[in-house]
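The values are calculated or read from the model by the stated rules, or taken from the named source; none is laboratory data. Bear in mind that the values here come from a model prediction, so they are computed numbers and not experimental data. Glycine gets a Cβ as well: all are built from the backbone with ideal geometry, and neighbour counts include every protein chain shown. In case anyone asks, the SASA skips ligands and DNA or RNA and just uses the protein heavy atoms, side chains included. Shrake-Rupley method; radii C 1.70, N 1.55, O 1.52, S 1.80 Å.
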Amino acid sequence: MLFDLVTLFPDLFDSFLRSSLIGKALSGNVLEIRLVNIRDFTSDRHRTADDRPYGGGPGMVLMPSPLARAIESARGNEPDRAESRTVLLSPAGRPFDQSKAIEYAALDRLILVCGRYEGVDERICQTLVDEEISLGDFVLSGGEVPAMAVIEAVARLLPGFMGAAASVNEETFSDGLLEYPQYTRPDSFRGLDVPEVLLSGNHEAINTWRRRMRLRRTYERRPDLLAEAKLTDTDRKFLAMLDSEQEPGAANNKS
Ligand code: 4HQ
C-alpha cells in the first residue's frame, strides 16, 4: 500500500519511518511512503505557504495554490492506482476509529494531507479532499502526528506487516468492549498480587473473569461503547448487576 504524506514538515516523519515495525514494512515492500513538501510548490522567493484569514481573526491559513499543487503532484505519480483516497487531518473531521482503519487498509493508496496554522483554505476541502478525519477532541499544531497514528493503525492491518508468526488481535474493537487487564511475572509486584484465577490453570474460569473485567471496564470508562457492543444475555445480566451496585459518586475499582 502506498501512503503519500503532504506536509510542510517532512522531517517530523524521519524517526517514525525508521522505527522498527514501520521500517521493516518499508524494506519488505508491504508499505511504501512518499513525502511531498508543500513548500516545494510555493511560487515566491520567500516560499510562503500561509496567508491571513479573510474576515480577520487570529492566526494564518494554508494558501490554496501551493497545497493544491502539492496534492496534485502526489496524485500525479501513479494516477492509475485503482483505489485511492485523499484525507485531511482536522479536528473538524469525522472521528477516526478502527472501522476507518479497516476501510483504509483495503485501499491501494492513501494521500494524507497535514494542515498547519489555523487550517487549510476551505476550497481545498471542496475540490481535492475526499474526507476529513479527526484523531480526537483536542487541538494540535499540525496534522503530522495524527497522520502517523493513521499510518500505524492501517499498516498493522496489512498482510505481512507483523510477519507470519504474530497475527493481529483486534478484540477490543471487533466486539466493541475494552480489553481485560494483563499481567506478567512476577506474581507479586510492590505488594500487588496477580489475580488468583489467572494462576489457576482453569481456562473456563479465566475466560469468565476476563469477560467480566472487559464488561466492567467498559461500563466504568466508556459506557458509550456499550450501545454498539456485541453482548450475550449473560453479559447483560452482569452489566445489570454492576448497575444495581453503583453508588452515586463512588468509583468502583474492585474486581
Ligand atoms: N490538527 N485530529 C490543526 C488537529 C487534528 C486532530 C490538525 C490541528 C490540523 C490545522 N488533526 N491543524 N485533533 O488538531 O486530526
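With a probe of 1.4 Å, find how much accessible area the chain has per residue, and write the answer as a whole number in Å².
61
Return the distance in nm (one decimal) between the two label points of a simple spin-label model at R18 and L140, each offset 7 Å from Cα along Cα→Cβ.
2.1
Taking the dipole about the Cα centre of region 1-127, with the C-beta of Lys and Arg at +1 and of Asp and Glu at -1, give me whichever of L21, M63, G93 is farthest to the positive side.
L21
Calculate the FRET efficiency for L226 and T184 from the Cβ-Cβ distance with a Förster distance of 25 Å, rounded to the nearest 0.05.
Taking R0 as 25 Å, the efficiency between L226 and T184 is 0.30.
If Lys and Arg each add +1 and Asp and Glu each add -1, what is the summed charge of the other residues whose beta carbon sits under 13 Å from the beta carbon of L135?
So the environment of L135 carries a net charge of -3.
Computed on alpha carbon atoms, what radius of gyration and Dmax characterise the chain, expressed in Å?
Rg, Dmax (Cα atoms, Å): 23.0, 71.
From the phi of every residue in region 111-117, what ³J(HN,Hα) in whole Hz does the Karplus formula 6.51 cos²θ - 1.76 cosθ + 1.60 yield, where θ is phi - 60° and glycine or proline is x?
With the stated coefficients, region 111-117 comes to 9, 9, 9, 9, x, 9, 6 Hz.
Using a 10 Å cut-off on Cβ atoms, rank the peptides 3-11, 222-230 from the highest mean neighbour count down.
In decreasing order of mean packing, 3-11, 222-230 become 3-11, 222-230.
Quote the charge dipole size of the chain about the Cα centre in Debye, to the nearest 20; the model charges only the Cβ of Lys and Arg (+1) and of Asp and Glu (-1).
Using only the charged Cβ atoms, the result is roughly 440 debye.
Quick one: which residues, 5 or more positions from T86 or on another chain, have an amide H under 5 Å from its amide H? H modelled 1.01 Å from N in the peptide plane, none for Pro or chain starts.
Long-range HN contacts for T86: I111, D130, E131.
How would you order 141-151, 27-37 from highest to lowest mean count of nearby Cβ atoms within 10 Å?
So the order, starting with the most tightly packed, is 141-151, 27-37.
For region 232-238, what does the Karplus curve 6.51 cos²θ - 1.76 cosθ + 1.60, with θ = phi - 60°, yield as ³J(HN,Hα) per residue in whole Hz, taken in order and with x for Gly and Pro?
Per-residue couplings from phi come out as 8, 4, 4, 4, 5, 5, 4 Hz.
How far, in nm, would the chain grow between T234 and N207 when pulled straight, counting 0.36 nm per residue and subtracting the alpha carbon separation?
8.4 nm
Using only helices, what value at 222 nm comes out for the chain when you add -39,500 (n - 2.57) per DSSP H run of length 4 or more and divide by the total residues, to the nearest 500 deg cm²/dmol?
It lands at -10500 deg cm²/dmol.
Counting only protein heavy atoms, what percent of the accessible surface of the chain is carbon or sulfur at a 1.4 Å probe?
Roughly 50 percent, rounded to a whole number.
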